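First up is the structure itself, then whatever we jot down about it.
The values are calculated or read from the model by the stated rules, or taken from the named source; none is laboratory data. These figures come from a predicted structure and were not determined experimentally. Positions of Cβ are generated from backbone atoms using ideal geometry, with glycine treated the same way; all protein chains shown enter the neighbour counts.
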């Protein structure tokens with residue numbers, strides 16, 4: 001299904017309709033925005049948001065919802081937002097990265113009890129989870145969530161209250177959220193709107209007392225055209241955007257493939273982010289098949305979590321579950337990433353059997369791929385022409401992977 005790109009006038013009208021009736025006069029507004037691992041015209045929409053708010057508010061604080069990604073440099077962040085220092089209201093804009101590893105930047109706003117977790121995780125986990133969040137959000141009277149919605153390996157669909165938890169939250173909820181998604185598995189959750197993980201995010205958001213609004217974008221990733229913009233309360237705006245995303249970002253294939261070449265775009269600088277090129281394609285790889293992540297620009301596993309991943313490697317979910325006492329003290333969010341990249345499989349009598357082979361055609365050395373239990377291919381040996389036009393033979397080439405979800409027809 002094709003959708004026309006929104007016109008500049010229609011984008012501006014939705015921004016105004018969402019913000020003009022919002023009681024923000026004389027207040028400071030925190031605007032949560034994505035980093036650069038999401039395709040969206042933030043440098044187009046954020047200036048419209050700033051133009052609507054700046055004459056009315058005491059200040060606008062743009063907080064980059066990094067989760068556990070790397071921070072953006074000041075000049076990169078300002079270009080990312082599209083508002084330069086010469087703007088007439090520039091003095092009203094401050095920009096900061098979320099600091100998830102700095103305790104003084106986090107405040108506990110509530111707590112999931114053991115009973116809460118047992119109920120909301122549908123019995124998969126039993127523990128208390130403190131809900132810590134960026135102190136600027138905790139103190140805010142008004143919070144605007146501004147970001148895109150895509151199929152997501154942990155939440156089902158990204159966006160909405162995910163910008164609060166885990167976007168600007170502390171480590172406990174980040175680990176809980178990701179490990180719950182891993183227990184359900186990528187194939188069990190990606191592209192599903194109503195999930196246990198989304199229930200976690202919406203319930204956690206209820207502990208943030210600010211009056212919240214959202215502007216949720218839907219972007220056609222190949223043309224990078226904004227085809228949907230939904231404003232209002234976060235839950236409703238996200239729901240409307242997720243419905244449209246399901247028609248834009250999901251490709252249904254007539255079959256599964258024995259080999260898939262997944263080309264990773266430059267916006268994913270390491271395997272931690274480039275893993276999305278596996279998640280979105282795992283459902284269309286046949287049992288015993290191979291998925292190749294082709295990314296010559298990637299030269300490290302993770303700039304933030306590399307040491308942990310090099311220690312634990314990449315394994316199927318049941319590998320960790322069967323040896324939980326050995327791994328329970330590792331960061332659960334990192335364990336979750338490991339299982340998502342490795343994919344489904346089994347671990348029986350000490351033998352791990354992944355459903356598919358995941359191979360890296362990257363700048364990561366072969367010795368390291370061997371050590372972390374992923375396949376290796378020489379990126380120079382990859383020729384996409386060997387895959388093109390051969391879907392009937394069981395070969396699939398995806399030239400820009402990471403945001404479109406591929407599913408096989410039932």
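For the range 312-410, list the strands (runs of 3 or more DSSP E) that sit wholly inside it and hold at least 3 residues that are within 23 Å of the chain's Cα centre (by Cα) and more than 20 Å from residue 181 (Cβ to Cβ); which are they? Explain how you work it out, then say what you get.
Details: elements: 345-348, 351-354, 357-362, 395-398, 405-408.
In the range 312-410, the matching strands (runs of 3 or more DSSP E) lie at 357-362.
With respect to being in contact (Cβ under 8 Å) with a residue 12 or more places away in the chain and surrounded by 22 or more Cβ atoms within 10 Å (Cβ to Cβ), residue 199 falls outside the description. Exactly one residue among 35, 23 is in contact (Cβ under 8 Å) with a residue 60 or more places away in the chain, closer than 22 Å to residue 208 by Cα and outside any helix (DSSP H, G or I), and that residue is 23. Checking each residue in the range 270-298 for being in contact with a strand residue (DSSP E or B) (Cβ under 7 Å, 6 or more places away or on another chain) and part of a loop (DSSP other than H, G, I, E, B) picks out 280, 281, 296, 298.
Among the residues here, residue 123 does not qualify as in contact with a helix residue (DSSP H, G or I) (Cβ under 8 Å, 6 or more places away or on another chain), assigned by TED's automatic domain parsing to the domain that holds residue 166 and on the phi > 0 side of the Ramachandran plot. Candidates in the range 81-102 are the residues that are closer than 30 Å to residue 179 by Cβ and without any contact (Cβ under 8 Å) to a residue 60 or more places away in the chain; of these, the one that is farthest from the chain's Cα centre (by Cα) is 102. All conditions in (1) surrounded by 24 or more Cβ atoms within 10 Å (Cβ to Cβ); (2) closer than 30 Å to residue 350 by Cβ hold for residue 305, with the sole exception of (1). Look at (1) farther than 23 Å from residue 281 by Cβ; (2) touching a strand residue (DSSP E or B) at 6+ places or on another chain (Cβ under 8 Å); (3) surrounded by fewer than 24 Cβ atoms within 10 Å (Cβ to Cβ) and you find that residue 168 fails only one, number (3). So residue 52 fits all but one of (1) under 17 Å from residue 139 (Cβ atoms); (2) surrounded by 13 or more Cβ atoms within 10 Å (Cβ to Cβ); what number is the exception? Residue 52 satisfies every listed condition except (1).
Among the residues of the range 230-243, is any within 30 Å of residue 378 (Cα to Cα) and surrounded by 17 or more Cβ atoms within 10 Å (Cβ to Cβ)?
First pass over the range 230-243, keeping only residues within 30 Å of residue 378 (Cα to Cα): none.
Looking through the range 230-243, none of the residues is within 30 Å of residue 378 (Cα to Cα) and surrounded by 17 or more Cβ atoms within 10 Å (Cβ to Cβ).
Can you say whether residue 375 is touching a residue at least 24 places away in the same chain (Cβ under 8 Å), outside the structural domain of residue 188 (by TED's automatic domain parsing) and over 27 Å from residue 222 (Cβ atoms), as far as the supplied structure shows? Outline the logic, then answer.
On the way: touching a residue at least 24 places away in the same chain (Cβ under 8 Å): yes; outside the structural domain of residue 188 (by TED's automatic domain parsing): yes; over 27 Å from residue 222 (Cβ atoms): yes.
So residue 375 fits the description; yes.
Before we move on, is residue 13 in contact with a strand residue (DSSP E or B) (Cβ under 9 Å, 6 or more places away or on another chain), surrounded by fewer than 18 Cβ atoms within 10 Å (Cβ to Cβ) and either in the same structural domain as residue 226 (by TED's automatic domain parsing) or within 21 Å of residue 403 (Cβ to Cβ) (or both)? Taking the combined requirement at face value, the residue does not satisfy it.
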